[in-house]
Structure formats: structure tokens, C-alpha cells
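Quick notes on the structure that follows.
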Amino acid sequence: MSVPLLKIGVVLSTMAMITNWMSQTLPSLVGLNTTRLSAASGGTLDRSTGVLPTNPEESWQVYSSAQDSEGRCICTVVAPQQTMCSRDARTKQLRQLLEKVQNMSQSIEVLDRRTQRDLQYVEKMENQMKGLESKFKQVEESHKQHLARQFKAIKAKMDELRPLIPVLEEYKADAKLVLQFKEEAQNLTSVLNELQEEIGAYDYDELQSRVSNLEERLRACMQKLACGKLTGISDPVTIKTSGSRFGSWMTDPLAPEGDNRVWYMDGYHNNRFVREYKSMADFMTTDNFTSHRLPHPWSGTGQVVYNGSIYFNKFQSHIVIRFDLRTETILKTRSLDYAGYNNMYHYAWGGHSDIDLMVDENGLWAVYATNQNAGNIVISKLDPVSLQVLQTWNTSYPKRSAGEAFIICGTLYVTNGYSGGTKVHYAYQTNASTYEYIDIPFQNKYSHISMLDYNPKDRALYAWNNGHQILYNVTLFHVIRSDEL
């Protein structure tokens, strides 16, 4: 910004110098040195100063003024009469000076236009600099706000991780226990190798007992590692968008290796047709399916496929049916005594969801409510072949207040709702007949969950959310203590 302003100062200074030089030098060059007085003012100087020769008709007359109304220098030259000798040396010199003055005047005008243009450029640059300064301030404020949001998110994540520290401490003990198993197995291997070299050096029965004991302990350890306590639910993964607002879909957790079929049941009542897709990829990308017709319409969305059979609640009844999908025949039917049905004790979203069948690592379960338990949730363990009730637990949680429920490792988990912000906030442990209130949030992406079931093979939750089939991964913590083995 300082360079254009310097140009303006140089131009103004140059114009003043030229004016001063012209007013002093031109009269002396042509021999003019008198001053014209104003006839009307009685001896006072006129606004313009004229330099006149002794005979005005024979010489040039030069008039000068400091500046006009626009601040520019004014020089006026009056030529003599044509009778003056053109070869006069002073005349030639004056003509040359006049040409120089005209050239300088033109240069001054050009320089003035450039100065005006530079001034406009400076003003434009000044506005741009102010705009950049404002943008830099906005960026700085936005950066501060972004850092504050990041700090808040990291703090929230640390608050979530802090309760896991005691669990990790227990994992250290579990790791030591696994190392102990490894060392014991290595010792037994060494003993067996030595036994091959020298049979009879050790008691064979004792050695076999040690091997069997270790095998049982390892199996118990693996069984406990397969189960755990729910500590987190991932963000949802949308597999497909199809069907009505309500429905269920699933895979068979006991399907043999290579059997990846997907089962699909649209609606919650007055429907008998079950779709079979060959694989998850076919389910996601095509509408090629095989249709199975059930002998009775189902009720609710609590159906499950388990070991080649589909288990469902017969519409408007408390009857559970086991239907073989290969032979398409009914293998077993059984009534759940006192279980409410036909929208008597449904989940909060309704939909004839009175009886909810589910599976976990331990087998087949039924979740429902009875008048005898004041409409609170009842959990029953079922024999998957005979559908006989093996054991029952009465909880104190009202079934109509539950959004949805699922079982993992014998623990029933209940959500606080089915729409909007949803979380798992109640857990009932059947192995200890105890319950606790928890707080495990998960994203209800499409705002209406009508089915939520756990698959122990995939370690995932299958959900039907407002016409979308989605999956959630779960996080389980396994705690093994040496006194349990």
C-alpha cells in the first residue's frame, strides 16, 4: 500500500516544481521581466500574474496560475503577431520550450490517470485485505469451536472406557491362567515323550487322569469364553430395504458349514409365506427366493429358525409350532400355559408381539407375560425337540413397557423403547436369578424397531427397523476366574 501513495506524492511534487520553473524561467529566457498591474485594483496584484515585454505586439505573453479548481497547474502562452520575424533566436527557443511544456503537460495527464488508477487499485486491495482479515478471524473461531467439540468427544470416550479398566485388570489374571494351561500341556507332552522312550516309568492311569482333567478344564474355559456380558452395541449396518414397517429376518445359528441361507417373514399377522434366500449376498442384491407356506399364519415378529426348523407362535393363540423347513411338515406343537396372546401382553410397539421366541448359546427360549405374574415378563427355557418347558423365571419388568428384548448367554436384555433414542437398560441373569439396570445405547437409525434378536453364530443382533433389515455387532466381555474351573 505504501508504493502507490509514494507515487502520488512524487506526482504532486513534480507538478509544483514544473509550475515554479515555468513562472521563473520562461520570462528570463525571452527577455520579459515586467509585472502587469490590475487597472481596476489600483496597484494590487491580479489573481493571475503576467510577464509582459516592452512592446506586447512583438513578443510572447506567458500567464501562469498555481492551480485550477481541480488542483491541476495552468500555463497560458499568447503568441505574438505574425509580423514578428520567425528567424528570431528567442522565438525559436520559446517555440521549443512551448513544445516541451506541451509534452510535459501530456506526461502529467498520463501520470495523473495512472495515479488515479493506482489509487483505485489500492482502495480495492484495502477492501480485499479487510475481507481476508475477517475470513481469518472466522477460520480462527471455527477452529477453536472444532477443537472444543473434539475435546468434548474425547472426554466422553474416556468416560466410556474408564469403567473397563477393572475388567482389563481381570483379563491379566485370565492371561496368566491361559499361560498356566499352556505350561501344563507342555509338561504333559514332555512326559508323554519320555513315556514313549521308557514305558512303565510313570503310572499310566495317573497320566491319563491328568490329561482328561486338563481337557475338561480347557473345554470349560472355551465354553466360558464363548459367552460374556454385553458391554456395547455397534452402529447399524443396513443390509436391505424391503417389505412393510413390521417383520422379521434371520439365519440359522446351527446351520452346517456352507449353509448361509437367509429367512424372511414380512408383517406380523395374517401371513403364512416364508422366503428363503440362498445366501446373504443373494438377499442383499436380488429378489430371487424360494417360498415356503406355513400351515398356520404367525403372530408377531418373534419367529426363529433353529437347526433346520422354524419356531413360531400360531396367530391368536398361545400355541408354539415347530415346522421342519426341509420336509415342510409340523414336527411339534405345544401350548405355553397362561401366556397372554392376541395383543394382551405385547411389546410397547404392539403388533401381536405377546410371545417372543429366541435362541442363544444355551438353546431355545420363550419370552412372554402372564396374569399370574401381573403382566410382567416371564422367561422360559424350552426343549427344542419337544417344546417342553424346562425352567421358568418370573421377572418384575412390565412387558408392555419393553420396546424389544433378546437373550445372550442366558441373560435377557430389554430396551427402553422402540422409537427415537433407544438403549438397553434392563438385564435379567437366569443363571443367578438376579437383575440390574444398565445403560447401553445403540442407534435407532430408522426410528421404529419391531424385531431385535441375537444370533450366537454371528455374534450379531438382527433387527427389522421400519422396513429396513439391519445388523448390529455386539461387544461381550469374558471374565474367567481360576476358582470357576
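The values are calculated or read from the model by the stated rules, or taken from the named source; none is laboratory data. It should be emphasised that the depicted structure is a prediction, and the values quoted were computed from it without experimental measurement. Cβ sites come from the backbone with ideal geometry, for glycine too, and all protein chains shown count toward neighbours. The protein model used for the area step is the full one, side chains on, heavy atoms only, and it has no ligands, DNA or RNA in it. Shrake-Rupley method; radii C 1.70, N 1.55, O 1.52, S 1.80 Å.
Enter the accessible area per residue of the stretch 410-485 (Å², integer; probe 1.4 Å; all protein chains in place). Working shown, then result.
Working: 3030 Å² over 76 residues.
With the other protein chains kept in place, the stretch 410-485 gives 40 Å² per residue.
At q = 0.07, 0.14, 0.15 Å⁻¹, what base-10 log of I(q)/I(0) does the Debye formula yield for the stretch 229-477 when every alpha carbon is treated as an equal point scatterer in vacuo?
Summing over Cα pairs of the stretch 229-477 leads to -0.20, -0.86, -1.01.
Under 5 Å between amide hydrogens, which residues at least 5 positions from ALA348 or on another chain qualify, with H placed 1.01 Å from N in the peptide plane?
Here the answer is ALA402, GLY403, since their amide H atoms fall under 5 Å of that of ALA348.
Mean separation of Cα pairs under 8 Å and 6+ residues apart, divided by the residue count of the stretch 332-485: what relative contact order is that in percent? Intermediate results must be reported in sequence, preceding the final value.
Working: 343 pairs, mean separation 22.6, N = 154.
Contact order relative to length: 15 percent.
Pop the C-beta distance of ASN431 and SER335 into the FRET formula with R0 = 22 Å and round what comes out to the nearest 0.05. Intermediate values should be presented prior to the final figure.
Values: r = 27 Å, r/R0 = 1.22.
Calculated value: 0.25.
Can you give the alpha-carbon Rg of the stretch 249-386 over 2.2 N^0.38 Å, where N counts its residues?
Values: Rg = 14.9 Å, N = 138, 2.2 N^0.38 = 14.3 Å.
That works out to 1.04 for the stretch 249-386.
Give me Rg over Rh for the stretch 264-338, both radii from the alpha carbons and Rh done the Kirkwood way, two decimal places. Mind showing how you got there, number by number?
Numbers: Rg = 12.9 Å, Rh = 13.0 Å.
Result for the stretch 264-338 is an Rg/Rh of 0.99.
To the nearest 0.05, how large is the calculated FRET efficiency for LYS278 and ASN473 if R₀ is 30 Å and r is the Cβ-Cβ distance?
Details: r = 24 Å, r/R0 = 0.79.
After rounding to 0.05, the efficiency reads 0.80.
For SER244, what residues show an amide H to amide H distance below 5 Å, using hydrogens built from the backbone and excluding near sequence neighbours?
Excluding prolines and chain starts, which carry no amide H, the hits are GLY267.
Using θ = phi - 60° and the Karplus curve 6.51 cos²θ - 1.76 cosθ + 1.60, what whole-Hz ³J(HN,Hα) does each residue of the stretch 257-262 get, with Gly and Pro shown as x?
Each residue of the stretch 257-262 in turn: 4, x, 8, 10, 5, 10 Hz.
Which value, in debye to the nearest 20, describes the size of the charge dipole of the stretch 297-451 about its Cα centre when Lys and Arg Cβ atoms bear +1, Asp and Glu Cβ atoms bear -1, and nothing else is charged? Intermediate values should be presented prior to the final figure.
Numbers: 10 positive and 11 negative charges, 48 e Å.
Magnitude of the dipole: close to 220 debye.
Could you tell me how many cubic angstrom of Cα convex hull volume the stretch 353-485 has per residue?
Working: hull volume 17.3 nm³, N = 133.
Spelled out: Cα convex hull of the stretch 353-485, divided by residues, is 130 Å³.
Heavy atoms only, 1.4 Å probe, whole protein assembly: order TYR345, TYR462 by accessible area, highest first.
Numbers: TYR345 35, TYR462 10 Å².
Sorted descending by solvent-accessible area, the residues read TYR345, TYR462.
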